[in-house]
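Down below is the structure, laid out as structure tokens.
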Amino acid sequence: MSEFPQAVREAWHMVALSSDVRRGQARKITLMDTPIALFRNGEGLGALVDRCPHRNYPLSEGSVRDGTLECPYHGWRFERDGTCRDVPGCSLDNVDISRLSAKALRVCERHGAIFVTFGDAAPAAPPLPPDFGNPDLDHFWWQQGTWQGRAFDAIENVMDPFHTGHLHHGFIRRRDKRHPVELVVESHGNSIAMTIHQSAPDHGIMSRALERDRTCSVSHYYPPTTVQARWEGETKLTLCVTAIFTPATDGTFTPFARFSTPKGFAPSWLKQGAIRLFLNPVVAQDRRALEKQHRVMQHFGQPRFVSGPGDILEDRLHRLWKGETIASGEDPPVAARL
Ligand code: FES
Ligand SMILES: [Fe+2]
């Protein structure tokens with residue numbers, strides 16, 4: 001059994017894109033070490049723990065028939081709420097069918113994303129960050145398969161500006177041409193944001209191409225698994241990226257990113273192409289770094305981190321991840337070179 005904090009276990013988690021599970025299809029996903037069979041019938045989505053209650057065959061390998069998920073082994077059929085509807089060759093007339101149910105999980109679909117929760121006390125729908133469904137913006141989803149590493153370390157990576165000039169040298173910032181910046185951290189009790197104020201744009205090619213009129217960028221962590229980065233120009237938003245890091249197992253996670261840009265400045269497909277082109281190498285660098293970091297932590301049995309002067313969020317990310325609240329307020333600005 002994996003060791004995720006209770007707050008993480010009981011939250012809503014994005015597990016797939018809507019387009020990954022078409023009507024009449026079933027698909028297996030893994031959330032915090034639990035395999036889940038997602039399927040879609042004419043009424044909507046079902047999420048069943050991926051274990052047939054009969055002889056424990058994986059339900060995700062079944063087919064959707066007459067709106068139910070049919071187990072490939074003996075053909076028992078299950079509704080979206082887990083109710084057993086059919087045991088082929090037998091009558092269910094005098095059978096207590098509640099004993100035959102598959103375990104159903106709460107599932108919810110918003111803006112092209114599928115969310116699942118194990119938590120009975122989770123809110124009716126997943127809380128979403130600002131602009132997630134804003135119709136005035138162009139949005140597109142980007143998914144990257146399953147990565148090696150811990151979801152929490154990926155969150156810390158995205159919230160950490162100090163690796164961008166070094167690991168992503170040339171793409172986002174440059175290690176040989178650092179800019180003076182002012183970092184402002186704002187704690188909101190159950191989330192935290194870091195704003196980077198700088199007077200000149202970054203020297204990396206990606207920053208030059210995509211966010212020329214940027215005046216500040218904000219990274220906001222919404223626990224447990226969402227980070228939203230916003231690049232603001234003189235008057236308006238230029239780019240907003242919402243990254244969601246879903247823990248698949250203790251040592252793997254599934255990242256999803258939603259890109260939102262103002263309508264009108266260029267056609268959506270062109271923006272998508274440009275963003276993918278520039279971001280691909282950056283994402284690959286992060287992916288490799290998280291994998292290597294994870295291998296070292298596994299080798300030594302556990303993480304053992306020393307925080308330096310750039311780690312200005314201190315333990316607050318980790319405390320929020322665990323479901324704690326943090327004292328609200330703004331830290332004094334920190335001068336740094338990025
Ligand atoms: S194992 Fe699923 S129907 Fe028998
Ligand atoms: Fe990075």
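Close lysine pairs were tallied over the chain: pairs 8 or more places apart or on different chains with Cα atoms under 22 Å apart number 4. The label-point distance for residue 322 and residue 83, in a model that sets each label 7 Å from Cα toward Cβ, rounds to 4.3 nm. So how tilted is helix 268-299 from the main axis of the chain? Cα-based, degrees 0 to 90, rounded to 10. With both axes taken from Cα atoms, the answer is about 80 degrees. In units of the compact-protein estimate 2.2 N^0.38 Å, the chain shows a Cα radius of gyration of 1.11. The peptide list 134-143, 147-156, 101-110, put in order of mean Cβ contacts within 10 Å with the highest first, becomes 147-156, 101-110, 134-143. Take every Cα pair under 8 Å in the chain that's 6+ residues apart, average their separations, divide by the length, and report that relative contact order as a whole percent. Relative contact order, the chain: 19 percent. When Rg and Dmax are taken over the Cα atoms of the stretch 137-337, they come to 16.6, 51 Å. Placing a label point 7 Å from the Cα of residue 17 along the Cα-to-Cβ direction, the residues of the stretch 114-135 whose backbone N falls under 15 Å of that point are 114-115. Each Lys and Arg Cβ is given +1 and each Asp and Glu Cβ -1; about its Cα centre, the stretch 9-159 then shows a dipole of about 440 debye.
Comparing 228, 272, 144 in a Gaussian network model of the chain where C-alpha atoms under 10 Å apart are linked, the largest mean-square fluctuation is found at 144.
Highest GNM mean-square fluctuation among 19, 260, 187, for the chain modelled with Cα contacts below 10 Å: 19. When Rg and the Kirkwood radius Rh are both evaluated on Cα atoms of the stretch 100-160, their ratio Rg/Rh stands at 1.02. Dipole orientation for the stretch 16-93: of the candidates 26, 92, 78, 26 has the Cα lying most toward the positive pole (charges on Cβ; Lys, Arg +1; Asp, Glu -1).
Full extension of the chain between residue 61 and residue 3 yields a length gain of 18.1 nm, computed as 0.36 nm times the residue separation minus the alpha carbon distance.
One-quarter of the Cα convex hull surface for the stretch 6-117, in nm²?
Average projection, Cα convex hull of the stretch 6-117: 7.1 nm².
Charged side chains reduced to their Cβ positions (Lys and Arg at +1, Asp and Glu at -1) give the chain a dipole of some 980 debye around its Cα centre.
Counted over all Cα-Cα pairs of the stretch 61-113, pairs farther apart than 18 Å make up 37 percent.
For the stretch 85-197, what percent of Cα pairs sit more than 25 Å apart? Let's see the in-between values first.
On the way: 3489 of 6328 pairs.
The proportion of pairs with Cα distances above 25 Å equals 55 percent.
Our helix-only sum for the chain, with -39,500 (n - 2.57) per DSSP H run of n ≥ 4 divided by its residues, gives a mean residue ellipticity at 222 nm of -5000 deg cm²/dmol. Stretching the chain fully between residue 182 and residue 93 yields a gain of 24.9 nm (0.36 nm per residue, less the alpha carbon separation). For the stretch 1-64, dividing the convex hull volume of the Cα atoms by the residue count gives 95 Å³ per residue.
Within the listed set 270, 48, 239, the Gaussian network model of the chain (springs between alpha-carbon atoms below 10 Å) gives the highest mean-square fluctuation for 270. Placing +1 on each Lys and Arg Cβ and -1 on each Asp and Glu Cβ, with no other charges, gives the stretch 137-337 a dipole about its Cα centre of roughly 720 debye.
We did not get these values from a lab; they are worked out from the coordinates using the rules stated. These figures come from a predicted structure and were not determined experimentally. Ideal geometry is used to build each Cβ from the backbone, glycine not excepted, and the neighbour counts take in all protein chains shown.
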